[in-house]
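Notes follow once the structure below has been shown.
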2 protein chains.
Amino acid sequence: MSPTPRSSLTRSKERGRTDRADLDAILDAGLLCHLGVILHGTPVVLPTIYGRDGDTLYLHGSTGSGNMRAAMTGDVSLTVTHVDGIVYARSAMHFSMNYRSAVIHARPTELTDPDERMHALRIIVDQAAPGAWDAVRSPNKKEMAATMVLAVDLTEASVKVRTGGPRDDAEDIATGGVWAGVLPIRQVFDAPIPSDDLDPGIEVPAHVLQRCSDAVPAAI
Amino acid sequence: MSPTPRSSLTRSKERGRTDRADLDAILDAGLLCHLGVILHGTPVVLPTIYGRDGDTLYLHGSTGSGNMRAAMTGDVSLTVTHVDGIVYARSAMHFSMNYRSAVIHARPTELTDPDERMHALRIIVDQAAPGAWDAVRSPNKKEMAATMVLAVDLTEASVKVRTGGPRDDAEDIATGGVWAGVLPIRQVFDAPIPSDDLDPGIEVPAHVLQRCSDAVPAAI
């Protein structure tokens, strides 16, 4: 991670993290990013799936997508955020969120090599659905021709993490009488819902089932 | 919702929703938005808390924040996304997410009236922590002086919702043998964690406790 003016934090610097492992962990835990492009002179922010492989983040979209074309011809900002809790303070202005966020700045490049493109799509599917790529039909020529694949370099990134309880003013703590603390937030996977048109007898595969374990309390 | 070129969908139009109630529901269920501004000619996307009141969405930040100043002097895009499930298909290119997203385009205005500013901050705190505002110390003059409050009009917005199972190709369904369906995703609140410096005997208030009910299975 190489700090540049736009990837250097100006606010709440104590939340900044400069360890590359923090960046990777935030990106790897994400299901989608918010991609910001400039289209017709104004910003546009769109939820977009992605996948990370080493120092590269991959995006894909339809060749007919104006946003993808904008991402190919100019700078983008790409942000992944996890909300971990709501911080209840003793005064309104100290309310906060516990979160982990990564903001990437880059100029994406379009991939043209067929093998690289196929690899990128595998990375994207594996990020959303680990283990699924090998179980399903691969993209065919027609699908590949309709798909744009972009590579985003992860060099220019800023990472912020907030953890822990409220940072209340000493006077408010002394006054007392107000509950303060954190309401933790977590994302869970519930039991898989088979497709209506699924052939009877096809079991839920292990790579799907194993994601649900967090959602099912051990006592049930 | 008044469609303009930049708020009109060009891809996956069947996912578009034009009912204003859908927009409100997505915004009201959100804990943060991703705010896109143009700073020094490039897009920047940052996680930002907000609150909605009627046709207006409120943002706040430090008067020293370059991103807030950028949001005050130019167009912004502001996106709220909920991920509801991962769609497992029979072919790689049909993998998808179930989601609800709202993309707002606007030119924010800075609030200067003290009562309006205070009202906006109440709306923002109540969005993150419903019921908390009345239980805690209100912002004082010094805090208000250091805070910028922006109002965003909700007129120019696009809403997209994807629900249901995979839309596989007929040939892939006929081939069979591959599991297809949806892995539902849900955000839950776990039991509140009191602040280390909390006076003993201060109970968790009802407005906090009632948010946790979803996280605790009825059987436990």
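The values are calculated or read from the model by the stated rules, or taken from the named source; none is laboratory data. Please read all numbers here as calculations on a predicted model, not as lab measurements. All Cβ positions, glycine included, derive from the backbone under ideal geometry; neighbour counts span all protein chains shown. Ligands, DNA and RNA are excluded from the accessible area calculation, which covers all protein heavy atoms including side chains. Shrake-Rupley method; radii C 1.70, N 1.55, O 1.52, S 1.80 Å.
Helix content alone sets the calculated 222 nm mean residue ellipticity of chain B: runs of n ≥ 4 DSSP H residues at -39500 (n - 2.57) each, divided across all residues, give -5500 deg cm²/dmol. Model label points for A:D153 and A:Q210, set 7 angstrom from Cα along the Cα-to-Cβ axis, are 3.5 nm apart.
Sorted into 5 angstrom bins from 0, the C-alpha pair distances of the range A:85-157 split as 3, 12, 16, 15, 14, 10, 9, 7, 7, 5, 3, 1 percent. Relative contact order of the range B:111-220: 23 percent, from C-alpha pairs under 8 Å at least 6 residues apart in sequence. Per residue, the range B:70-220 exposes an accessible area of 44 Å² to a 1.4 Å probe, with every protein chain left in place. With the convex hull drawn over the C-alpha atoms of the range A:97-220, the volume per residue is 209 Å³. Over all distinct Cα-Cα pairs of chain A, the Kirkwood formula returns a hydrodynamic radius of 20.1 Å. Of the solvent-accessible surface of the range B:30-97, computed with a 1.4 Å probe and all protein chains present, 49% belongs to carbon and sulfur. Which value, in square angstrom to the nearest 100, describes the accessible area buried between chains A and B on both sides, using a 1.4 angstrom probe? Looking at A and B, the buried total is near 7300 Å². Sorting the segments B:58-70, B:110-122, B:42-54 by their residues' average number of neighbouring beta-carbon atoms within 10 angstrom, most packed first, yields B:42-54, B:58-70, B:110-122. Suppose we look only past 36 Å in the calculated P(r) of the protein assembly as shown. What percent of the Cα-Cα pairs does that tail hold? Within the protein assembly as shown, distances greater than 36 Å cover 28 percent of Cα pairs. Its relative contact order, with pairs defined as Cα atoms under 8 Å and 6+ residues apart, puts chain B at 26 percent. With the label put 7 angstrom out from Cα along the Cα-to-Cβ vector, A:H40 ends up 2.9 nm from the copy partners, going from closest to farthest. Taking every residue in B:142-150 and counting other chain Cβ atoms within 10 Å of its Cβ, the average works out to 1. Interface residues of the range B:91-106, defined as a loss of at least 40 Å² in heavy-atom accessible area between the chain alone and the complex of all protein chains with a 1.4 Å probe, are B:A92, B:M93, B:F95, B:M97. A straight line joining the Cα centroids of the range A:42-83 and the range B:137-202 runs 20 Å. PRE reach from B:I173 (point 7 Å along Cα→Cβ): which of the range B:73-99 fall under 18 Å by backbone N? From the range B:73-99, the list is B:87-96. Residues of the range A:149-178 falling in the label zone of B:I193, defined by backbone nitrogen less than 15 Å from a point 7 Å along Cα to beta-carbon, are A:161-167.
Values of log10 I(q)/I(0) for the range B:125-193 across q = 0.24, 0.27 Å⁻¹ run -1.18, -1.25, by the Debye formula with one identical scatterer at each alpha carbon and no solvent.
Anisotropy class assigned to the range B:1-95 is prolate, per the alpha carbon gyration tensor with a/c at or over the 1.5 cut-off and a/b larger than b/c.
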